[in-house]
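Undergrad: Questions regarding the structure given below will be posed in turn.
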4 protein chains.
Amino acid sequence: MTRSGQPASPQGDEPPPPPGFRWPDGIRAAATFTFDVDAEAAMLSDHPRTVDHLDVVAHQRYGPRTAVPRILRLLDRRGIRATFFIPGWVAEQWPAAARSIRDAGHEIAHHGYLHESVRGMDEATEEQVLVRGLEALDTVLGVRPTGYRAPNWDLNWRTPAIVARHGFRYASNLMDADHPYRLAVGPEPGAASLIELPVHWALDDWEPYNYLPGLTGTGVILSPSVVLERWTLELEALAVEGGLFNLTNHPFVSGRASRAAVLEQLIERAQAIHGLWVATCDEIAAWTEGLDLAPVVHERPSLPAL
Amino acid sequence: MTRSGQPASPQGDEPPPPPGFRWPDGIRAAATFTFDVDAEAAMLSDHPRTVDHLDVVAHQRYGPRTAVPRILRLLDRRGIRATFFIPGWVAEQWPAAARSIRDAGHEIAHHGYLHESVRGMDEATEEQVLVRGLEALDTVLGVRPTGYRAPNWDLNWRTPAIVARHGFRYASNLMDADHPYRLAVGPEPGAASLIELPVHWALDDWEPYNYLPGLTGTGVILSPSVVLERWTLELEALAVEGGLFNLTNHPFVSGRASRAAVLEQLIERAQAIHGLWVATCDEIAAWTEGLDLAPVVHERPSLPAL
Amino acid sequence: MTRSGQPASPQGDEPPPPPGFRWPDGIRAAATFTFDVDAEAAMLSDHPRTVDHLDVVAHQRYGPRTAVPRILRLLDRRGIRATFFIPGWVAEQWPAAARSIRDAGHEIAHHGYLHESVRGMDEATEEQVLVRGLEALDTVLGVRPTGYRAPNWDLNWRTPAIVARHGFRYASNLMDADHPYRLAVGPEPGAASLIELPVHWALDDWEPYNYLPGLTGTGVILSPSVVLERWTLELEALAVEGGLFNLTNHPFVSGRASRAAVLEQLIERAQAIHGLWVATCDEIAAWTEGLDLAPVVHERPSLPAL
Amino acid sequence: MTRSGQPASPQGDEPPPPPGFRWPDGIRAAATFTFDVDAEAAMLSDHPRTVDHLDVVAHQRYGPRTAVPRILRLLDRRGIRATFFIPGWVAEQWPAAARSIRDAGHEIAHHGYLHESVRGMDEATEEQVLVRGLEALDTVLGVRPTGYRAPNWDLNWRTPAIVARHGFRYASNLMDADHPYRLAVGPEPGAASLIELPVHWALDDWEPYNYLPGLTGTGVILSPSVVLERWTLELEALAVEGGLFNLTNHPFVSGRASRAAVLEQLIERAQAIHGLWVATCDEIAAWTEGLDLAPVVHERPSLPAL
């Protein structure tokens, strides 16, 4: 930090951006605040037996019932637009909550239908799930999303191609970079591409906060003040690096009172960093798309025989 | 926080309470301090083999032997009444400890018989357990409780109806809200209802503190200072939101010396917040009952076929 | 804390000691610093396959090779005597380390032979293990210990009687109290008794520090500063309560450089508390034995039939 | 710490070094900063099914794609040379990244071929893997490494002999000491020997930071500030003890922005300690080799029959 409160690189040593990448004029880094509106779907897809447990179902309903209004109020106070990834089934179950998000001007994006992992899923089913999610967002919200985030960030090697052929501009799933990039959907020359907005487990609210015995978490629930400090360090370090701070929250997790309070403090901190662009995923993807970057090709590793 | 040490909402932006809800005149939020007096029952019900392990049994007996007197002394120092959820079997095993709680003027409420989870339990057994718990509290203490908390906060979809038809005023189990509310025990029109006093895993002492190798916890035992800071943040944030801070402690866990010391500090903090009502669960439930709120209906989700 | 740096009870409200218990004149509380010298035995008994893993074996040997000399030096600097619980097999494998402990004037006590858990062990085997541990301490060190600590603090209902009939004065295993007490070894009238010096998982160095992948720990390794703060809070709170602070360390765990440094700071803190008696387990047990306390009887619970 | 900011032993009580060991004139302790460049290999060897998961593969590729350049820049800013342990397969997959490390003047050392654990591996296969790693480092980098670190720090009792007969000067795997030492590869008189540079789980970045659901970690991700504090305490304590601070980082873990920032702060702290030698593993091993120390013999324990 400089004496003016602005993050500064050590010894004024500015790192080079990836080849071909640049931010808009006057911008040196970006932050996007995203919300995965999983509600009951996150538990029902991975642990279908929890449909019998009123306690688990009610725990998940804190999101649309109590947290979404609080989060919309805080985003309004801060004057920013965020990106909400909504599973189609959640939009169908909670249409008023979903519409309140849309009507507040936030971006709506795709997050599966019942929050299904695509690991081990056959291609036809994966595409069917994607379409059903699109249909639900269209029916309930009249929205055609440009962005896709895989439930659990689980991906197979076909997923990017499926997403690209349904016309998405961007995905937000991979952990190999600090900057947005163009991702080739396969290794063959001339393969289609998507803009990728990288994420990371350390910029997710689920791990430090969430706990349901036997379902998720170990019971070590961190203090919001500790999480704020960790996220602030990464925000400031990525500002120095000129990268993208892409934070993933879940309303049922971070919409609780003291967690929402520190989330608001984090947004305030981001807004105070000179040259940091706070934007939706789609705005950042649209900018990146315009740069005509050479695509990054992720090839499937070949395991060596010994 | 304002300069006067009182929690304040950002920019004076007061959130609306749920429709129809209000606190008594002059009150803006509430806190209730509750103790689940599990003693040996919490281990014997989930892990019956531990009846053979003197070490585990003695660990649980710290509650009635050593912690309950300490907690009663600290509540007396702070001049507050708390709510003690006592499994019937525990009252039978530790009648002197149970009577000391009653005689100090605290509320006694229901917490199963041997701390049984009702997940997967048939309806007749569940009702039998509830009745046996009632009989034990009556026999040992001469008390007819108005409140019910399910062991482990485990619930099935029938539990609220069973609790309501035995005349309870309130239950304290669900995690979908920050305010007390009226819960319909089923989706049919005219269903009976209960007052629900919501809880949360982050306001429970078991996860940050408790450890028995192979039985519970990972061995990450947090410092009381860390837990105090986390709970204080949520207390202050819920005061701003006008909600209910409902803290769950266990004598064998939080009755240890340094943990009891920070619990007392937390109560002092609550008492210093202007307009915060520190009350028993029954007092808060009785107030809420008088508001004639429209009941919240929790419907069992229908899992989609793909 | 008072302004003089001495722990003080809230509002001068001194808790009563257990009936019949008192500390020596001028003493208000006590602390004992204990070391379980497990070395390889802790892994070999629970995970015999690790005998094939040089890495695990060497990890455990840090204790006698590197840590014991460091710990002896720090105890000497602080001028205190501690209690070392040494499994017989460890004394046989590391006679020089064991003798250096004895020769520095510390108490040697019993900790099994190969650090065996007595859960599920038949009575004859349990007694055989106890005798073999005694023989090893006699052969290597010429010591007849007065104290017994069960490996893992695992106990069955017969253990106290076995320990008592081999002439031990005290055991240090149970978690039901903050003060030393007399423990009846069984429920029958006139049963023999032992002095019990209670322990607790929160006053053990294994959980915050120790990690061996797949064998123990989750990989969350706490900072010594965090552990110091937690232990200091309990030390000060137990000083207020007039209890016994009984800390369990393992040389291979807490003998590492920065952990030993904070252990020394903790001992310094204990020595600075007015009226706190820093003593060996045997000294505290001998004092307690002289009080002629009524024995505490731990009965095996009867599980209810429903 | 002294008032000059230099770590000092309590009461000027300097511990003796191990028999025969000393640092170069003017040096009182040493620090080496090491990087295990695991990339995809760490997951593919232990969890081969993850080859199907683009998300896991991309997570690991953060190392060579994004982190290695950042780490090279920070080492250059600090003006130090580090040691990079690179599995042969990783060098083959990421030759440009591997060459950039070599070309920056850092030490390249051996870390298996596909990051294979040698537990349970037969001797012929273990030797084959070692050779294949050597061949890859030769082919891609033209390097013959002098140092060996076992993947996961897993060792069997034959490993040191295999490593020694392939001409390595040192290994860096064991956790039994704070100083470099000479390790006999077997118990027989006249056995060959290696220099061992001891490590420890508490000086590894994987545990506090790394998380891949179902593969590694519990989701408790510590703040870089907490990790910095813990490592700094051990650095300062080992400086007092005259030992070796041997830190293990992984580019895909600690190369993330805020973690790299605190790593740089830690290096700065090390450089500010008077008399602390910051060196590569090979430099420290070469110094130790010249001391002609008596070898430490690790014998396989004999499990007692009861």
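Undergrad: Among the candidates B:211, B:181, which residue alone is aromatic (Phe, Trp, Tyr) and farther than 20 Å from residue B:38 by Cα?
TA: Details: B:211 fails: farther than 20 Å from residue B:38 by Cα.
Of B:211, B:181, the one residue that is aromatic (Phe, Trp, Tyr) and farther than 20 Å from residue B:38 by Cα is B:181.
Undergrad: Scan the range A:253-266 and tell me whether some residue there is in contact with an Asp or Glu (Cβ under 7 Å, 6 or more places away or on another chain), under 24 Å from residue A:109 (Cα atoms) and hydroxyl-bearing (Ser, Thr, Tyr).
TA: yes
Undergrad: Additional query: Only residues that are assigned to a helix (DSSP H, G or I) and over 15 Å from residue B:251 (Cβ atoms): list them for the range B:100-126, please.
TA: From the range B:100-126, those assigned to a helix (DSSP H, G or I) are B:100-103, B:123-126; that's our starting set.
B:103, B:123, B:124, B:125, B:126, listed by residue number.
Undergrad: OK, next. One residue is enough: does the range C:64-72 have a residue meeting the conditions within 14 Å of chain D (Cβ to nearest Cβ), surrounded by fewer than 22 Cβ atoms within 10 Å (Cβ to Cβ), part of a helix (DSSP H, G or I) and β-branched (Val, Ile, Thr)?
TA: Checked the range C:64-72: no residue is within 14 Å of chain D (Cβ to nearest Cβ), surrounded by fewer than 22 Cβ atoms within 10 Å (Cβ to Cβ), part of a helix (DSSP H, G or I) and β-branched (Val, Ile, Thr).
Undergrad: Still on this structure, please answer the following. Quick check on residue B:159: is it farther than 19 Å from residue B:279 by Cβ, in contact (Cβ under 8 Å) with a residue 12 or more places away in the chain and among the β-branched types (Val, Ile, Thr)? I'd like the intermediate steps shown before the answer.
TA: Working: farther than 19 Å from residue B:279 by Cβ: yes; in contact (Cβ under 8 Å) with a residue 12 or more places away in the chain: yes; among the β-branched types (Val, Ile, Thr): yes.
Answer is yes for this residue.
Undergrad: Would you mind telling me which numbered condition in (1) touching a Phe, Trp or Tyr at 6+ places or on another chain (Cβ under 7 Å); (2) on the phi > 0 side of the Ramachandran plot residue D:167 fails?
TA: Unmet for residue D:167, out of (1) touching a Phe, Trp or Tyr at 6+ places or on another chain (Cβ under 7 Å); (2) on the phi > 0 side of the Ramachandran plot: (1).
Undergrad: Let me ask another. Restricting attention to the range B:191-230, which residues are touching a Gly at 6+ places or on another chain (Cβ under 7 Å), part of a helix (DSSP H, G or I) and closer than 22 Å to residue C:154 by Cα?
TA: Selection gives nothing.
Undergrad: Of all residues in the range D:197-211, which are farther than 30 Å from residue A:204 by Cα and either free of Cβ contacts under 8 Å to residues at least 40 places away in the same chain or more than 11 Å from chain C (Cβ to nearest Cβ) (or both)? It would help to see each step written out before you state the result.
TA: Going through the range D:197-211, the residues farther than 30 Å from residue A:204 by Cα turn out to be D:197-199.
Across the range D:197-211, the qualifying residue is only D:197.
Undergrad: Taking residue A:188 and the conditions (1) surrounded by fewer than 19 Cβ atoms within 10 Å (Cβ to Cβ); (2) facing chain D (nearest Cβ under 9 Å), which numbered condition does it fall short on, given that it satisfies the others?
TA: The single condition residue A:188 does not satisfy is (2).
Undergrad: Then there's this: Looking at the range A:263-276 only, could you name the residues that are more than 14 Å from chain D (Cβ to nearest Cβ) and free of Cβ contacts under 8 Å to residues at least 60 places away in the same chain?
TA: Initially, the range A:263-276 is screened for residues more than 14 Å from chain D (Cβ to nearest Cβ), giving A:263-265, A:267-268, A:270-272, A:274-275.
Within the range A:263-276, just A:265 meets the criteria.
Undergrad: May I ask you to list the residues in the range B:221-231 that are crowded, with 19+ Cβ neighbours inside 10 Å and of a type in the set (S, T, N, Q)?
TA: Listed by number, the list holds a single entry, B:223.
Undergrad: Residue A:117 - would you say it is surrounded by 22 or more Cβ atoms within 10 Å (Cβ to Cβ), out of contact with any His (no Cβ under 6 Å at 6 or more places or on another chain) and within 13 Å of chain D (Cβ to nearest Cβ)?
TA: Working: surrounded by 22 or more Cβ atoms within 10 Å (Cβ to Cβ): no; out of contact with any His (no Cβ under 6 Å at 6 or more places or on another chain): yes; within 13 Å of chain D (Cβ to nearest Cβ): yes.
In short, no.
Undergrad: Still on this structure: Between D:165, D:149, D:158, which is closer than 24 Å to residue C:53 by Cβ, among the basic types (Lys, Arg) and surrounded by 20 or more Cβ atoms within 10 Å (Cβ to Cβ)?
TA: Values: D:165 fails: surrounded by 20 or more Cβ atoms within 10 Å (Cβ to Cβ); D:158 fails: surrounded by 20 or more Cβ atoms within 10 Å (Cβ to Cβ).
On inspection, the qualifying residue turns out to be D:149.
Undergrad: Residues being in a loop (DSSP other than H, G, I, E, B), in contact with a Gly (Cβ under 8 Å, 6 or more places away or on another chain) and within 26 Å of residue C:296 (Cβ to Cβ): count how many of those fall in the range B:73-99. Break it down stepwise before answering.
TA: Within the range B:73-99, the first condition is being in a loop (DSSP other than H, G, I, E, B), and the residues that meet it are B:79-82, B:87, B:94.
Imposing the further condition that a residue be in contact with a Gly (Cβ under 8 Å, 6 or more places away or on another chain) reduces the set to B:81, B:87.
Filter again for within 26 Å of residue C:296 (Cβ to Cβ), leaving B:87.
Count: 1.
Undergrad: Taking the range D:46-62 on its own, how many of its residues are more than 9 Å from every other protein chain (Cβ to nearest Cβ) and within 21 Å of the chain's Cα centre (by Cα)?
TA: Going through the range D:46-62 one residue at a time, the tally reaches 1.
Undergrad: So which residues in the range A:221-236 are closer than 14 Å to residue D:220 by Cα and within 7 Å of chain D (Cβ to nearest Cβ), if there are any at all?
TA: If the condition is that a residue be closer than 14 Å to residue D:220 by Cα and within 7 Å of chain D (Cβ to nearest Cβ), then A:226, A:230 are the ones that fit.
Undergrad: Consider residue C:291 against the criteria (1) more than 17 Å from the chain's Cα centre (by Cα); (2) away from chain B (no Cβ under 14 Å); (3) in a helix (DSSP H, G or I); (4) not basic (Lys, Arg): it satisfies all of them except one. Which criterion is unmet?
TA: (3)
Undergrad: Any residue in the range C:81-103 that's touching a residue at least 40 places away in the same chain (Cβ under 8 Å): show its pairings with residues that are of a type in the set (Asp, Glu) at Cβ separation under 6 Å, as long as the two are six or more apart or on different chains.
TA: From residues that are touching a residue at least 40 places away in the same chain (Cβ under 8 Å), the pairs are C:83/C:107; C:85/C:36.
Undergrad: Follow-up question, since we're still on this one. For the range A:131-181, how many residues are over 17 Å from the mean Cα position of the chain (by Cα) and within 14 Å of chain D (Cβ to nearest Cβ)?
TA: Total satisfying the criteria: 6.
Undergrad: A further question follows. Residue B:290 fails exactly one of the following numbered conditions: (1) over 15 Å from residue B:243 (Cα atoms); (2) modelled with pLDDT of 95 or more; (3) touching a strand residue (DSSP E or B) at 6+ places or on another chain (Cβ under 9 Å). What is the number of that condition?
TA: Just one mismatch for residue B:290, condition (3).
Undergrad: Working carefully through the options C:279, C:257, C:239, C:285, find the one that is within 7 Å of another protein chain (Cβ to nearest Cβ), hydrophobic (A, V, I, L, M, F, W, C) and buried (at least 23 other Cβ atoms within 10 Å of the Cβ).
TA: On the way: C:279 fails: within 7 Å of another protein chain (Cβ to nearest Cβ); C:239 fails: within 7 Å of another protein chain (Cβ to nearest Cβ); C:285 fails: within 7 Å of another protein chain (Cβ to nearest Cβ).
The conditions single out C:257.
Undergrad: Tell me, please, whether a residue that is surrounded by 24 or more Cβ atoms within 10 Å (Cβ to Cβ), more than 11 Å from chain B (Cβ to nearest Cβ) and out of contact with any strand residue (DSSP E or B) (no Cβ under 6 Å at 6 or more places or on another chain) can be found in the range C:212-220. Even if it seems obvious, please write down each step before you answer.
TA: Within the range C:212-220, the subset surrounded by 24 or more Cβ atoms within 10 Å (Cβ to Cβ) is none.
No, because not a single residue in the range C:212-220 is surrounded by 24 or more Cβ atoms within 10 Å (Cβ to Cβ), more than 11 Å from chain B (Cβ to nearest Cβ) and out of contact with any strand residue (DSSP E or B) (no Cβ under 6 Å at 6 or more places or on another chain).
Undergrad: How many residues, within the range B:13-29, are part of a strand (DSSP E or B) and either touching a Pro at 6+ places or on another chain (Cβ under 8 Å) or at positive phi (or both)?
TA: Keep residues of the range B:13-29 that are part of a strand (DSSP E or B), which gives B:29.
The next check asks that each one be either touching a Pro at 6+ places or on another chain (Cβ under 8 Å) or at positive phi (or both); those that pass are none.
Adding up the residues that qualify gives 0.
The values are calculated or read from the model by the stated rules, or taken from the named source; none is laboratory data. Only a predicted model underlies this, so the values are computations on that prediction, with no experimental measurement involved. So basically every Cβ, Gly included, is an ideal-geometry build from the backbone, and we count neighbours across all protein chains shown.
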